[in-house]
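Participant: Have a look at this one.
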Amino acid sequence: MDMNEIQKYLLQIEKRLQENWNKFSSEVPVHFITAYHMGWVGENFQPLMEFKGGKRLRPLFCVLINQSLGGDLDSVLDIASSLEFLHNFSLVHDDIQDRDEKRHGRWTVWKIWGEAQAINVGDLLFDMTFQVLSNLNPQLLAKTLSTITETIRELIEGQYLDLLFEKKKEVSLKEYLIMIEKKTAKLFSTSFYLGAYSAIYKEDIAKIFQEIGRDFGLFFQIADDAMGIWGDPNKTGKNTFNDLLRRKKTYPVLYLYSEASDKERMMLEEIWMRERLSERDILYIIELLDKKRVKEATFNIAEKYFDKSYNKLMSFKDLYNISLIKDLFESYYKLIFSLQRS
């Protein structure tokens, strides 16, 4: 993969994000807490020597698609900023609701400054989602606003379902896929869609890229679910069996339920009701996951969605120069499968 070219776009995205943050920020400290969450400053609000933010994968796809289709870089950088601010709005609020204390190896906003101020930080990021779009031309602005507001509705619905499933005794794989399509895949599909639309203003082409993003997003989430159980913690940075210890209803867990016998399901439900899982509980679940070949099934379904996404992308190879997008797809695919334990 041409990492120099990819890195060039990542640096441009990061620069525009910070420019937009500066443009719409004031000296009120809540803005500096926002900068902390974005990975630019430490708890003392001093600039960091090493960036501590996310992968910027959604804005990166948006920009790469736009540029591959011959779009205007200046406009798409603002759209990409909007999408990244929206993503981080959802993360700040999710951290509160999920009681997550760490993100990217650092304390989450609510853990340091409290839930009330964390809500304010999330709201500020939500506001920046729209502020940064002010320079778009009227046609692109209208399309971007309608697409983003629809995306917000689905993100909220996805988070509602995710929280609901924590209390719900039985959740089907179909219900789970609907939830992650809203909570995770929707923002990917929007990034792909707006990347294409902002370049060529053709709804039919943009819709196909929207489908590509949706399938990539489903792959992304199911692969992340797999990493929560079978990922190498030395490579992923996540604690071993963290998702099991938190009793999260991820794809592997729900697939296990669907394959378990009545006796096994009763045992799983008994374990899931406990306040804290013991080492013996985790060992039972791991042995049952192995017995039912859940790892194989999980990676197979993740690969199915990746292949759907990749094959649709490759249908454009004779129309546009999609080499950077293709390389990023293949690089991410290899990364996911390299993170497994042997």
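The values are calculated or read from the model by the stated rules, or taken from the named source; none is laboratory data. Just so you know, these numbers come straight off a predicted model, no measurement behind them. Positions of Cβ are generated from backbone atoms using ideal geometry, with glycine treated the same way; all protein chains shown enter the neighbour counts. Side chains are part of the model used for accessible areas, which takes the heavy atoms of the whole protein and leaves out ligands, DNA and RNA. Shrake-Rupley method; radii C 1.70, N 1.55, O 1.52, S 1.80 Å.
Participant: How much length is gained if the chain between SER258 and ARG293 is pulled fully straight, taking 0.36 nm per residue apart and subtracting their Cα-Cα distance, in nm to one decimal?
Facilitator: Extra length from SER258 to ARG293 when fully extended: 11.4 nm.
Participant: Can you work out the accessible area per residue across segment 1-66, with the rest of the protein chains kept in place, probe 1.4 Å, in square angstrom?
Facilitator: 50
Participant: Now for a different question. Just to be sure I follow the definition: excluding the sites themselves, where is the longest run in the chain that has none of the GluC sites (Glu not before Pro) in a DSSP loop with at most 16 other Cβ atoms within 10 Å?
Facilitator: That would be 171-274.
Participant: Over segment 150-283, average the accessible area per residue using a 1.4 Å probe and give it in Å², no decimals.
Facilitator: Counting only protein heavy atoms, the per-residue value for segment 150-283 is 48 Å².
Participant: Could you check the simple spin-label distance between GLN18 and ASP123, using points 7 Å along Cα→Cβ, in nm with one decimal?
Facilitator: Output for this residue pair reads 2.9 nm.
Participant: What 222 nm value per residue comes from the helices of the chain, counting each DSSP H run with n ≥ 4 as -39,500 (n - 2.57) and dividing by all residues, nearest 500 deg cm²/dmol?
Facilitator: Mean residue ellipticity, 222 nm, calculated: -23500 deg cm²/dmol.
Participant: To the nearest 10 square angstrom, what accessible area does ASP262 show with a 1.4 Å probe?
Facilitator: Per-residue accessible area (ASP262): approximately 110 Å².
Participant: Compute, for the chain, the length of the dipole vector about the Cα centre, with Cβ point charges of +1 (Lys, Arg) and -1 (Asp, Glu) only. Units Debye, rounded to 20.
Facilitator: 460
Participant: Can I get the semi-axes of segment 56-188's equivalent ellipsoid? Compute them from the C-alpha gyration tensor as square roots of 5 times the eigenvalues, in angstrom, largest first.
Facilitator: Gyration-tensor ellipsoid for segment 56-188: 28, 19, 13 Å.
Participant: Could you check the spin-label model distance between GLU50 and ASP232? Points 7 Å from the Cα along Cα→Cβ, value in nm.
Facilitator: Distance between the two pseudo-spin positions: 1.9 nm.
Participant: On the first, second and third principal axes, largest extent first, how far apart are the outermost C-alpha atoms of segment 11-131 in Å?
Facilitator: Principal extents (largest minus smallest coordinate, Cα): 45, 30, 28 Å.
Participant: Starting from the Cα-Cα distance between SER338 and TYR201, subtract it from 0.36 nm times their residue separation and give me the gain in nm to one decimal.
Facilitator: So the extension gain works out to 45.5 nm.
Participant: Moving on to the next point. Explain nothing, just the number: relative contact order of the chain, from Cα pairs under 8 Å at least 6 residues apart, as a whole percent.
Facilitator: Computed over the chain, the figure is 18 percent.
Participant: Label segment 253-342 by shape, choosing from rounded, prolate and oblate, from the square roots a ≥ b ≥ c of the eigenvalues of the Cα gyration tensor; if a/c is under 1.5 it is rounded, and otherwise prolate applies when a/b is larger than b/c, oblate when it is not.
Facilitator: Verdict is prolate for segment 253-342.
Participant: Roughly speaking, what % of Cα-Cα pairs in segment 52-93 are separated by over 13 Å, rounded to a whole number?
Facilitator: More than 13 Å apart: 52 percent of the Cα pairs in segment 52-93.
Participant: Based on the Kirkwood radius over alpha-carbon pairs, what value in µm²/s does the Stokes-Einstein equation return for the translational diffusion coefficient of segment 186-342 at 10 °C and 1.306 mPa s?
Facilitator: 92
Participant: Between GLU270 and GLU115, how high is the FRET efficiency from 1/(1 + (r/R0)^6) when r is the Cβ-Cβ distance and R₀ = 51 Å? Nearest 0.05.
Facilitator: The formula returns an efficiency of 0.95 here.
Participant: Among the aspartates and glutamates, which have Cα under 16 Å from the Cα of LYS263 when same-chain residues fewer than 8 positions away are ignored?
Facilitator: Hits, sequence-local ones excluded: GLU170, ASP281, GLU287.
Participant: Work out, step by step, the length gained on full extension between GLU27 and GLU279: first 0.36 nm times the residue separation, then minus their alpha carbon distance; give nm to one decimal.
Facilitator: Contour length minus Cα-Cα distance gives 85.9 nm.
Participant: Turning to a different aspect of this structure: In square angstrom, rounded to the nearest 10, how much accessible surface does ILE33 have for a 1.4 Å probe?
Facilitator: For ILE33, solvent-accessible area is about 10 Å².
Participant: Taking a quarter of the surface of the Cα convex hull of the chain, what do you get in nm²?
Facilitator: Averaging across all directions leaves 17.4 nm² for the Cα convex hull.
Participant: What is the percent carbon and sulfur in the accessible area of the chain, measuring with a 1.4 Å probe over the protein chains and ignoring ligands?
Facilitator: That share works out to 51 percent.
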